[in-house]
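Each reported figure results from applying straightforward, stated rules to the coordinates on display, with no laboratory input. No experiment lies behind these values; they were computed from the predicted model shown. Glycine also receives a Cβ, built like all others from the backbone with ideal geometry; neighbour counts cover every protein chain displayed.
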Amino acid sequence: MLSERIARPALPVFLVLCAATASAQPPSSFSAQDFSTHAMISVSASVVVLDHVRLIDGTGSPARADQALVLSHGKILAVGPESSVIVPAGATRIDANGETVFPGIVGLHDHLYYSASIATERADGFANGPGFYVTELPYTAPRLYLASGVTTLRTTGSVEPYTDLRITQQIRSGAMPGPKMDVSAPYLEGAPTQFAQMHPLKDADEARRMVDFWSSEGMTSFKAYMDISRTELGAAIAEAHAQHHKLTGHLCSVTWPEAISLGIDDLEHGPIFTDTEFSTTKHADVCPTDGESSWLHHSISEPAVQALIHSLVEHHVAVTSTLPVFEAMVPGRPPLTRRFTDALAPAALQSYLTLRAVMPLTSPMTPLFRKEMDFELAFARAGGLLLAGPDPTGNGGVLAGFGDQREIELLVEAGFTPVEAIAIATRNGAQYLGQLDHIGTIAPGKDADLVLVHGDPSTHIADIENIVTVFRDGTGYDPARLLASVRGQVGIW
């Protein structure tokens, strides 16, 4: 894929992320059906019991068979062997024999936009008009996430901040179905930038002012981007911490060791595609031209890479795995599924299929993808906090929600056990957000944010896709109905 990349070789396709909100209206048949929030709910009783269910609690412990799980007024009241749990009188009981429950997914790189027209934008290899853009999906993205078992997410960079804030408010009020959200401010990007919806910072003072302003507007996390300078990044980190928020980064002009020394909290995508410390063309505060190709000749076991892992762990810097967006650039991957093609608007589907068809079979993405997997496994085994998210951008091969499930499956391919992979996507995300007391694992007193699926993901990880019900604060949502409400619309709105 390096030979297929756009203007600057260091930019892989998945970085093409900017957006013009589409104004297309849904077809008339869409409005004839009841797709209200109320219509998406399948379980609304105050007290619910899942009987004879297999339990994956999110801690990484082995699955436990024949459990009873009691939900009461939005919280987990009790959990334990079916024979020992006391069930409140009048509870609604659900026979979950043959089914598995695990914590709601906590997605740590889950945008509310999508690169719906990327093939057109890249037709001549360069960005047309004002720069690369993406399409905000205020209706379809929250429903896709919830239908896929994502009950909490971090938006990890915003292109329409006031839209994102309004979505958050609407979900909280019950006017919209969707996950709980940790909402990120607009990207903290330096100059120059190739992205139409990003404001290039002028200096460190502007970086501080931007963090302060968006914190006052209600944003709860911040993300630095590829062309930010070290002084701008340092100022943004300091201001975010002063406001009691965290800052993550998808970097290029600043290396990972430099960002660690500045006190960054999290680094996105893994180092193979974003850490430029090994670049032979690197200059201070400039994104180099050799990008991820500089990692082709470095092994995970060599001292320099092991030193990076040690530094990350020592400084408590998390790493967010976004394997699905890279898999979409590997020849022959990912599997093309009916649910994917059904969800997309025709033009968005055509855009993705066009780019998939021209992917060169000799792409260096194949070894780089495996190397990224190996790094993430080594980082976690060394005690690092690995987070999970799909990054639904790139060439269009990753969709909201579906990508979160695929991320867990790819973590298993990377070498984690199924219960470890689920813990990364649930407990670890809650830990990073400082919400482990409320979400992330299944235990009495925690929020009843749960995913009920057919089958046994602890032995067959693809069973995480067989969702029966998604509980958010004890209310059960019907995934089939949620998906029906967005069919043929993803990429439009």
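Across segment 317-392, C-alpha contacts under 8 Å between residues 6 or more apart give a mean separation that, scaled by the residue count, equals a relative contact order of 63 percent. Membrane-span-like helices of the chain, defined as complete DSSP H segments with a Cα extent of 15 Å or more along the helix axis and a mean Kyte hydropathy of at least 0.0, are identified as 230-242, 303-314, 346-357. By the helix-only formula, in which each DSSP H run with n ≥ 4 contributes -39500 (n - 2.57) and the sum is divided by residues, the chain has a 222 nm mean residue ellipticity of -8000 deg cm²/dmol. Shown here: semi-axes √(5λ) of the Cα gyration tensor in Å, derived from the displayed model; of the candidates (1) 35, 25, 22; (2) 42, 32, 21; (3) 44, 27, 18, it corresponds to (1). Each peptide in 170-182, 387-399, 247-259 gets a packing score, the mean of other Cβ atoms within 10 Å over its residues, and the list from highest to lowest is 387-399, 247-259, 170-182.
Summing Lys and Arg as +1 and Asp and Glu as -1 over all other residues whose Cβ lies under 14 Å from the Cβ of E327 gives a net charge of -2. In terms of surrounding Cβ atoms within a 10 Å radius of their Cβ, V85, V317 rank from fewest to most as V85, V317.
Normalised by the number of residues in segment 351-432, the average gap of Cα pairs under 8 Å and 6 or more apart makes the relative contact order 29 percent.
Counted by neighbouring Cβ atoms within 10 Å, the residues R472, R208 run from fewest to most as R208, R472. Annotation for segment 146-218: chymotrypsin sites (Phe, Trp or Tyr not before Pro) lying in DSSP loop with at most 13 further Cβ atoms inside 10 Å of their Cβ do not exist. Remind me, relative contact order of the chain in percent, using alpha carbon pairs under 8 angstrom and six or more residues apart? Reported as a whole number, the value is 24 percent. Among the lysines of the chain, pairs that are 8 or more positions apart or on different chains and have alpha carbons within less than 30 Å of each other number 17.
Per-residue Cβ neighbour counts within 10 Å put F379, F222 in the sequence F379, F222, beginning with the fewest.
Summing charges over all other residues whose Cβ lies under 11 Å from the Cβ of E258, with Lys and Arg as +1 and Asp and Glu as -1, gives -1.
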